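The structure appears below as structure tokens.
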Amino acid sequence: MNRKELKAAAKSQIKGKIGVLFLITVIISVISGVASGLLALIPGGAIVASVIITPAFALSMVRIYMGVVAGTKPTVKDSFSGFDDFWAAFKVTFLVELKVFLWSLLFVIPGIVKTFSYSMAMYVLAENKGMSARKCIEESKKMTKGHKMELFVLALSFIGWGLLVVVTFGIAAIWVAPYMQATFTNAYYSLKPVIEVEAEEVVEETAEAEA
């Protein structure tokens, strides 16, 4: 996983798409905010928002940036693509947050390590509709094995950009947010072959053992 190559590719991939990506982000933010506010007035409404709205939109964003990386231009309609699998998105989100929380109880560092270990679970779900949450998490763990430090360093490399967002009162986020998300989507694809190679090796080893 070459950090410079991932970021360079991201810059190229989001070129000409910043406007629509910003519009999508605004739409999702407004809908999430309004829906959460209205549901909060109903007993248990906040839970409904956390179960249905937030995870589904998270899945939508993952799919959108997968499309961006693949060279397609996103549309506003794509903002709602995650709702076709909102229950699976919720289960992945819930299990990841629960596991990270439990590991964080031991100490901060284990929580951080597990955050990166499970960071590809939603990407796995996006490409494997119907896959169980546990399987998505297991695949993420396989993909990130031996690469968690690289992902951590990749995240740290955006600190300067984060400061730019702060000093520009959030304006820079119009470009920085897509840049970061496209970069981590590229990271997913750079790690994905690891699973395929390992799977092929297991098949070959099994065949040799049987022979």
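Key figures for this structure:
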{"item": "Subset of segment 6-30 that is assigned to a helix (DSSP H, G or I) and without any contact (Cβ under 8 Å) to a residue 24 or more places away in the chain - its residue that is nearest to the chain's Cα centre (by Cα)", "result": "Ser29"}
{"item": "Residues that are touching a Lys or Arg at 6+ places or on another chain (Cβ under 8 Å) and among the β-branched types (Val, Ile, Thr), drawn from segment 125-148", "result": "Ile137"}
{"item": "Those residues of segment 115-136 which are surrounded by fewer than 21 Cβ atoms within 10 Å (Cβ to Cβ) and not small (Gly, Ala, Ser), in sequence order", "result": "Thr115, Phe116, Glu127, Asn128, Lys129, Met131, Arg134, Lys135"}
{"item": "Matching entry among Lys99, Lys141, Lys73, Lys91 (being in contact with a helix residue (DSSP H, G or I) (Cβ under 7 Å, 6 or more places away or on another chain), surrounded by fewer than 21 Cβ atoms within 10 Å (Cβ to Cβ) and not in a helix (DSSP H, G or I))", "result": "Lys73"}
{"item": "Residue pairs meeting the criteria (Cβ under 8 Å; at least 6 apart or on separate chains; first closer than 26 Å to Ser60 by Cβ and touching a residue at least 40 places away in the same chain (Cβ under 8 Å), in segment 105-129; second in a loop (DSSP other than H, G, I, E, B) and of a type in the set (A, V, I, L, M, F, W, C))", "result": "Leu125/Met131"}
{"item": "Checklist (1) surrounded by 14 or more Cβ atoms within 10 Å (Cβ to Cβ); (2) over 18 Å from the mean Cα position of the chain (by Cα) applied to Phe80, failing item", "result": "(2)"}
{"item": "Residue within segment 13-22 that is within 25 Å of Ser157 (Cβ to Cβ), surrounded by fewer than 14 Cβ atoms within 10 Å (Cβ to Cβ) and not aliphatic (A, V, I, L, M) present", "result": "yes"}
{"item": "Criterion (among the aromatic types (Phe, Trp, Tyr) and in contact with a Gly (Cβ under 6 Å, 6 or more places away or on another chain)) met by exactly one of Trp161, Trp175, Trp103", "result": "Trp103"}
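Here is a yes/no grid of residues against (1) at pLDDT 95 or above; (2) surrounded by fewer than 15 Cβ atoms within 10 Å (Cβ to Cβ):
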residue	(1), (2)
Lys4	no, yes
Lys7	yes, no
Ser29	no, yes
Gly33	no, yes
Leu41	no, yes
Ala49	no, no
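The values are calculated or read from the model by the stated rules, or taken from the named source; none is laboratory data. This is a predicted model, so every value here is computed, not measured. Note: ideal-geometry Cβ built from the backbone for every residue, glycine included; neighbour counts use all protein chains shown.
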